[in-house]
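The values are calculated or read from the model by the stated rules, or taken from the named source; none is laboratory data. All values reported here derive from a predicted model rather than from experimental measurement. All Cβ positions, glycine included, derive from the backbone under ideal geometry; neighbour counts span all protein chains shown. To get the accessible areas, we keep the full protein, side chains included, count just its heavy atoms, and leave off ligands, DNA and RNA. Shrake-Rupley method; radii C 1.70, N 1.55, O 1.52, S 1.80 Å.
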Amino acid sequence: MSEDSLFAEAEKQLDKALAIYKVDPETELRLKIPQLSVQVGIPVRMDDGSLQIFKGYRVRYNTLLGPSKGGIRYHHTVTFDEVKSLAFWMTFKCAVVGLPYGGGKGGVTVDPRALSQMELERLSRGYIAQIANFIGPDLDIPAPDVYTNSTIMGWMVDEFSKIKRDWTPGVITGKPISLGGSLGRDDATGRGGFYVFEILREKLGLAQSKIAIQGFGNAGTHFGKLAQSVGHKIVAVSDSKSAIYCEQGIDVASVERFKKETGKLKAVVYKGDVASEVSHQEITHEELLALQVDCLAPAALEKAITGQNAASIKAKVILELANGPVTPEADGILEKKGVVVLPDILANAGGVTVSYFEWVQNKEGYYWELEDVHTKLKAKMEKAALEIYNIHKDSSCSMRTAAYVAALKRLDAASQARGTAALFRRI
Ligand code: GLU
């Protein structure tokens, strides 16, 4: 795999849209290269007294539509190429839902499960101290991503505000409620995916559905619970270690609770505090992806579905709750098979949408009720989903290409409004 492979793949998705939707050449130029890339070494005093230096990144990909926005990932596989790709996707994701944001992303190469809570705090504060000059409420606004959460965002906003000697809640979203977080941010990614699925489901020929979820983190569990609550059957779930299949459907909340308590993935139901096992099969990750289901929701990391395994997919619809789970090669295979992919930049945009609501609340100093958050999120997700569905129908292109076209319309308008050679020739 070449150093730049993920980014090169991400660019192919944009190129497909550029082939059917012409933008000003300057817009295209601006979208090809990140505006700012920072690489830092974060010194952390470990609990045993030793010093470790962790590698961290922050990429401000593009700010045509507003300050850059995007999460911070903690994972041992994080690379600059990955962070750049994720920042690229954030640019289009924010544009797809019509947020006044550009795209950015951050990451630290670390296995957070190997750190103590205090080491994790020192790392999080150290990372923010290193990138403090490059972020800000109107400049670049981080948030949670894989293996980061509201506790970590709390340390980060505290550290940033100490450095600036000014309480600045709007610099980071996904914060604890007590530090200016928004109600409804916690389940927003899964909930947004659920709204997209529900509004498009019938158009895609699905009724009550059998669903398999690959990845049992924040997005996967919340999506699963909501889908189950309206009668869909979650027949399989996986985490990084194992996968389970349960014909009659699992109770997502019980499986989540069991995993929290024991670290293991097992089909159980709770009665009070007692968990009883439901008959289920252990399957491999590859078997989960190849299940005969209506919807497969990849909700873990990039490149879960590739040229190697795409042909084995039997799902009718793929709901990309993760970023970049389907490679362009796999996209081509799936398109030929008639599998509809609801792309990441639409399907998982619920998280950043409620991040935007949080930022608005921080600016106003006025906090909304949960119901307001849900109503506004639903409206935004459904509007974006229908807009993209219509482009997909009118232009006979994949939903992914349609999503990029929807984003390009907004990005191109902003680029032209800022001034291009064509504009100045007209004046
Ligand atoms: N990390 C999330 C994403 O990939 C959320 C980003 C945000 O809230 O800014 O969309």
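Would you mind stating whether L51 is touching a residue at least 12 places away in the same chain (Cβ under 8 Å) and either away from the ligand (no atom under 14 Å from the Cβ) or touching a strand residue (DSSP E or B) at 6+ places or on another chain (Cβ under 9 Å) (or both)? Here the answer is no, as L51 does not meet what is asked. For P43, indicate whether it is part of a loop (DSSP other than H, G, I, E, B) and modelled with pLDDT of 95 or more. Spelling it out, it is not the case that P43 is part of a loop (DSSP other than H, G, I, E, B) and modelled with pLDDT of 95 or more. Checking each residue of the range 106-118 against the condition of being touching a residue at least 40 places away in the same chain (Cβ under 8 Å) and charged (D, E, K, R) gives no match. Within 28 Å of I345 (Cβ to Cβ), modelled with pLDDT of 95 or more and part of a loop (DSSP other than H, G, I, E, B): does that describe F216? Yes: the conditions hold for F216. Restricting attention to the range 64-116, the residues that are among the β-branched types (V, I, T) and part of a helix (DSSP H, G or I) total 3. Taking the conditions (1) among the polar types (S, T, N, Q); (2) at pLDDT 95 or above; (3) assigned to a loop (DSSP other than H, G, I, E, B) in turn, T151 satisfies each one other than (3). Of the residues screened, V373 is not one that is within 16 Å of the ligand (Cβ to nearest atom), without any contact (Cβ under 8 Å) to a residue 40 or more places away in the chain, over 26 Å from K233 (Cα atoms) and not charged (D, E, K, R).
For the range 65-112, filtering for residues that are open to solvent by less than 10 Å² (accessible area, probe 1.4 Å), more than 12 Å from the ligand (Cβ to nearest atom) and under 20 Å from A384 (Cβ atoms) leaves 1. Set side by side, the residues Y57, Y61 differ, and just one is surrounded by 19 or more Cβ atoms within 10 Å (Cβ to Cβ), within 26 Å of the chain's Cα centre (by Cα) and closer than 19 Å to V96 by Cα, which is Y61. Restricting S161, S178 to those that are surrounded by fewer than 19 Cβ atoms within 10 Å (Cβ to Cβ) and under 21 Å from K105 (Cα atoms) reduces the list to S161. Picking from residues in the range 207-225 that are surrounded by fewer than 23 Cβ atoms within 10 Å (Cβ to Cβ) and touching a His at 6+ places or on another chain (Cβ under 9 Å), the one that is farthest from K316 (Cα to Cα) is Q208.
K363 meets the stated requirement of being surrounded by fewer than 17 Cβ atoms within 10 Å (Cβ to Cβ) and either modelled with pLDDT of 95 or more or within 27 Å of I72 (Cβ to Cβ) (or both).
If only residues of the range 6-51 that are small (G, A, S) and open to solvent by less than 20 Å² (accessible area, probe 1.4 Å) are counted, the one that is nearest to Y404 (Cα to Cα) is A17.
Per-residue answers, yes or no, for (1) small (G, A, S); (2) within 27 Å of K376 (Cβ to Cβ):
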| position | (1), (2) |
| --- | --- |
| S150 | yes, yes |
| M156 | no, yes |
| G174 | yes, yes |
| G181 | yes, yes |
| I199 | no, yes |
| K203 | no, yes |
| A207 | yes, no |
| I213 | no, yes |
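Assess whether Y404 counts as being surrounded by fewer than 22 Cβ atoms within 10 Å (Cβ to Cβ) and farther than 15 Å from L200 by Cβ. Criteria not met by Y404. Filter the range 291-301 down to the residues that are under 17 Å from D239 (Cβ atoms), at pLDDT 95 or above and not small (G, A, S) and list them by number. Residues satisfying the conditions are L291, L296, P298. Pairing residues of the range 126-149 that are open to solvent by 10 Å² or more (accessible area, probe 1.4 Å) with residues that are within 14 Å of the ligand (Cβ to nearest atom) and assigned to a loop (DSSP other than H, G, I, E, B), at Cβ distances under 6 Å and at least 6 apart in sequence or on separate chains, gives D138/P67; L139/P67; P144/G71; P144/G174; D145/G71. Taken together, the criteria exclude E358 from residues that are farther than 16 Å from W89 by Cβ, of a type in the set (D, E) and open to solvent by 20 Å² or more (accessible area, probe 1.4 Å). Which residues, taken from the range 233-291, are open to solvent by 20 Å² or more (accessible area, probe 1.4 Å) and in contact (Cβ under 8 Å) with a residue 40 or more places away in the chain? Correct list: S240, S242, Y245, E256, K259, E282, I283, T284, H285, E287, L291. The residue of the range 164-204 that is nearest to the chain's Cα centre (by Cα), among those that are within 14 Å of the ligand (Cβ to nearest atom) and among the hydrophobic types (A, V, I, L, M, F, W, C), is A188.
Looking for something within 16 Å of the ligand (Cβ to nearest atom), crowded, with 19+ Cβ neighbours inside 10 Å and under 30 Å from K175 (Cβ atoms) - is there at least one such residue anywhere in the range 324-334? Within the range 324-334 (the criterion being within 16 Å of the ligand (Cβ to nearest atom), crowded, with 19+ Cβ neighbours inside 10 Å and under 30 Å from K175 (Cβ atoms)), the answer is yes, since at least one residue qualifies.
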